[in-house]
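Participant: There's a structure below that I have some questions on.
The values are calculated or read from the model by the stated rules, or taken from the named source; none is laboratory data. For clarity, every value in this text was computed on a predicted model and none was experimentally measured. Here the Cβ positions follow ideal geometry from the backbone for every residue, glycine too, while neighbour counts run over all protein chains shown. Side chains included, ligands, DNA and RNA excluded: accessible areas come from the protein's heavy atoms. Shrake-Rupley method; radii C 1.70, N 1.55, O 1.52, S 1.80 Å.
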Amino acid sequence: MSNPYFNNDPYFGDSQKAQQERRAMAGSPSAPGTSTPSPWGTPGATQTYQPPAAVPAAQDSLEASYRMPSAAPADTGRMTYDDVIVKTSLVLGTIVLFGAASWLLPSALGMPGLTFPLMIIGAIGGFVLGLVNAFKREPKPGLILAYAALEGLFLGAISMVFEAQYSGIVMQAVLATVSTFAAVLLLFRSGKVRNTPKFQRIVMVALVGYMVFSLVNLLLMVTGVLDGWGLREGPWGILIGVAAVILAAATLVIDFDTIQKGVQRGAPARYAWGAAFGLAVTLVWMYLEFLRLLAILRGD
């Protein structure tokens, strides 16, 4: 999953540790289905029952409470889909805001050379905070928004570089990302795409393989062994780019399933920030893959 701490969380994860914690929570004295000592004495002992005196006001209050609607998840402090939508909007809005600043600031200040430092700061800072947030036991809104700000600096700067070489490519990448997100969400909601254990294992293996390939390709480019896009040149580069986009879309399915499990298991409302972080990481990755794929296509 895009958020590793979810895997061991009793509300989100399906790992052995998460299952043990859920069983422990279910077996606590306050949990439903557990036995407690009877306040009525030893079984079998003779008890004289004295009916309480009728209290009309109390009866009316009790009947009124039964007629009231059940408490919604938001009323009990549990995470809802609305929480996830709001928090995701805040995280993505922060990325867009700082991305626009990184795009426009160098030109506004008359300092085009500022683009590269902003890109480096955003890339390194976003990577570090991304790891910190991913392995946090519980989501921290401040750290997640800080990650979004740094990621926005990086995306704004690198998008401006691509746009300068290929006019209109940024809008194409944004539309492709939004369209893919909407399509995957509709397929997941319809039940046509599901996060089965087999599906998740395949995605995880593919993610590890793609990560190794990307590191090797980057090393070959940095050392000067290969130039341009490295191993991504030509038809092979296009196929790899398409495969990367499909892999990012598959990761979205896992993200959606994780969020669904969190809501069903009554995760605390603060975990909506973690869900927003996971979606943001996947969407940023997908956008960059579309940007790179479109650049390879237009470069040819």
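Participant: Can you tell me which condition residue 225 does not meet? The list is (1) surrounded by fewer than 15 Cβ atoms within 10 Å (Cβ to Cβ); (2) assigned to a helix (DSSP H, G or I); (3) β-branched (Val, Ile, Thr), and all the others hold.
Facilitator: (2)
Participant: Just checking, does segment 249-264 include any residue being in a helix (DSSP H, G or I) and without any contact (Cβ under 8 Å) to a residue 24 or more places away in the chain?
Facilitator: There is at least one residue in segment 249-264 that is in a helix (DSSP H, G or I) and without any contact (Cβ under 8 Å) to a residue 24 or more places away in the chain.
Participant: May I ask you to list the residues in segment 268-278 that are open to solvent by 10 Å² or more (accessible area, probe 1.4 Å) and among the aliphatic types (A, V, I, L, M)?
Facilitator: 269
Participant: Report, by residue number, each residue of segment 203-224 that is free of Cβ contacts under 8 Å to residues at least 40 places away in the same chain and within 18 Å of residue 258 (Cβ to Cβ).
Facilitator: Answer for segment 203-224, where residues must be free of Cβ contacts under 8 Å to residues at least 40 places away in the same chain and within 18 Å of residue 258 (Cβ to Cβ): just 204.
Participant: Here is a follow-up. Regarding segment 114-128, can at least one residue be identified that is at pLDDT below 95, open to solvent by 70 Å² or more (accessible area, probe 1.4 Å) and of a type in the set (Ser, Thr, Tyr)?
Facilitator: So far as segment 114-128 goes, no, none of its residues is at pLDDT below 95, open to solvent by 70 Å² or more (accessible area, probe 1.4 Å) and of a type in the set (Ser, Thr, Tyr).
Participant: Within segment 129-175, restricting attention to residues that are open to solvent by 40 Å² or more (accessible area, probe 1.4 Å) and of a type in the set (Asp, Glu), which residue is nearest to residue 104 (Cα to Cα)?
Facilitator: Per the stated criteria, the residue is 163.
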